[in-house]
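Everything on this sheet refers to the single structure shown next.
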Amino acid sequence: MLQLKRAGDGPVLKPRPEVPWEKDTVFNAAAIHDKGKFHLLYRAVAHNPGDRNRSWIGYAWSSDGLHFERLDKPVLSPGEVPEESQGVEDPRVVKIGRTFYMCYTAYDLKRTQVALATSSDLVHWKRQGVILSNTVLGNNKDASLFPQKIGGRYCLMHRPVPDIYLSFGDDLHTWTDHTRIMQPEFEWEATKIGGGAQPIQTKKGWLLVYHGVDKTMTYRLGVALLDLDDPTKVLKRQREFILQPELAWELKGDVSNVVFTCGAVLLGKELWVYYGCADSVIGVAKGNVDDFLNDV
Ligand code: BMA
């Protein structure tokens with residue numbers, strides 16, 4: 001059974017009071033390991049008068065995965081297009097070829113839609129627009145591309161409430177074969193589930209760290225394995241969650257009782273899961289993937 005253990009002696013990223021757009025909270029970060037470094041694209045909220053919880057996306061990097069440097073300016077800001085008037089939220093990043101693809105939630109107070117931006121350096125991002133609108137399956141979020149094409153097509157994970165879906169596309173704008181792959185099953189995910197970290201390739205399948213929300217709105221993390229060639233097939237799903245809110249800053253914050261991931265890194269057997277704590281700070285917890293994959 002896989003259980004994550006917290007690494008470091010506290011949050012790895014906290015808000016910077018002197019930086020206007022991230023002065024109150026940082027959370028829900030995409031994570032990717034590239035060219036020997038850990039990279040985070042994280043969500044930040046500033047409770048400035050008039051901002052009403054608007055979200056920005058910032059960029060941080062680290063050699064050891066625990067101590068991060070970051071830019072002073074956000075890499076993506078709300079309000080540049082109408083669909084994002086109220087925020088750019090919960091990024092998830094994969095690299096296909098030489099390009100980084102960031103799916104994020106475009107929020108305009110009425111709709112949450114899946115948007116995409118691309119980059120060659122993780123700093124400069126080019127908006128590709130909304131790629132899965134609310135007209136397809138209703139409000140949608142928690143999206144990530146798979147880090148490679150499958151059967152010659154792009155594969156997109158997303159979450160129209162309350163289930164996790166996959167869709168397929170020849171390009172990044174037209175999605176077909178919408179397939180529900182996971183529904184809430186266990187008590188700790190009774191209200192809804194959603195994609196968490198970007199799907200991570202292992203020899204045994206695509207590893208999916210996802211979140212589950214119980215009846216009391218506590219967010220926990222779980223793990224599943226999808227077939228490499230046909231990821232609509234769930235090969236295994238662990239009954240027990242792998243992380244739940246326990247520390248002071250996970251139990252209390254902007255939204256209390258939340259651990260929520262948008263990104264993980266697999267180094268050898270060691271899985272590093274970056275997670276937002278109570279929508280306020282970012283932590284990291286690790287586990288050995290063999291604890292989950294051994295009997296597959
Ligand atoms: C979800 C998402 C996350 C957030 C979580 C808990 O719906 O919007 O960004 O961390 O709620 O507030």
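The values are calculated or read from the model by the stated rules, or taken from the named source; none is laboratory data. Quick caveat, the model's predicted, so the values are computed rather than measured. In this analysis, Cβ positions are derived from the backbone assuming ideal geometry, glycine residues included, and neighbour counts consider all displayed protein chains. When the accessible area is computed, the model is the full protein with side chains, heavy atoms only, and any ligands, DNA or RNA have been set aside. Shrake-Rupley method; radii C 1.70, N 1.55, O 1.52, S 1.80 Å.
Observations on the model:
- Any hit, the range 61-74, residues being aliphatic (A, V, I, L, M) and crowded, with 21+ Cβ neighbours inside 10 Å: no
- Selected residue [among the aromatic types (Phe, Trp, Tyr) and more than 26 Å from Glu18 (Cα to Cα)] from Phe100, Phe68: Phe100
- Applying the criterion of at least 1 residues that are without any contact (Cβ under 8 Å) to a residue 24 or more places away in the chain and open to solvent by 20 Å² or more (accessible area, probe 1.4 Å) to the strands (runs of 3 or more DSSP E) found wholly in the range 169-282 leaves 176-182, 270-277.
- Residues of the range 138-164 that turn out to be of a type in the set (A, V, I, L, M), in contact with a Ser or Thr (Cβ under 6 Å, 6 or more places away or on another chain) and within 13 Å of the ligand (Cβ to nearest atom), as a count: 0
- Selection of first residues in the range 104-124 that are among the small types (Gly, Ala, Ser) and within 15 Å of the ligand (Cβ to nearest atom) and of second residues that are open to solvent by 20 Å² or more (accessible area, probe 1.4 Å) and in a loop (DSSP other than H, G, I, E, B), restricted to Cβ pairs under 8 Å at least 6 apart or on distinct chains, gives the following pairs, ordered by first then second residue: Ala106/Val81.
- Screening Gly222 on (1) in contact with a Gly (Cβ under 8 Å, 6 or more places away or on another chain); (2) farther than 19 Å from Pro162 by Cβ; (3) not basic (Lys, Arg) shows it passes everything except condition (2).
- Residues being within 15 Å of the ligand (Cβ to nearest atom) and either open to solvent by 50 Å² or more (accessible area, probe 1.4 Å) or hydroxyl-bearing (Ser, Thr, Tyr) (or both) - total across the range 48-60: 4
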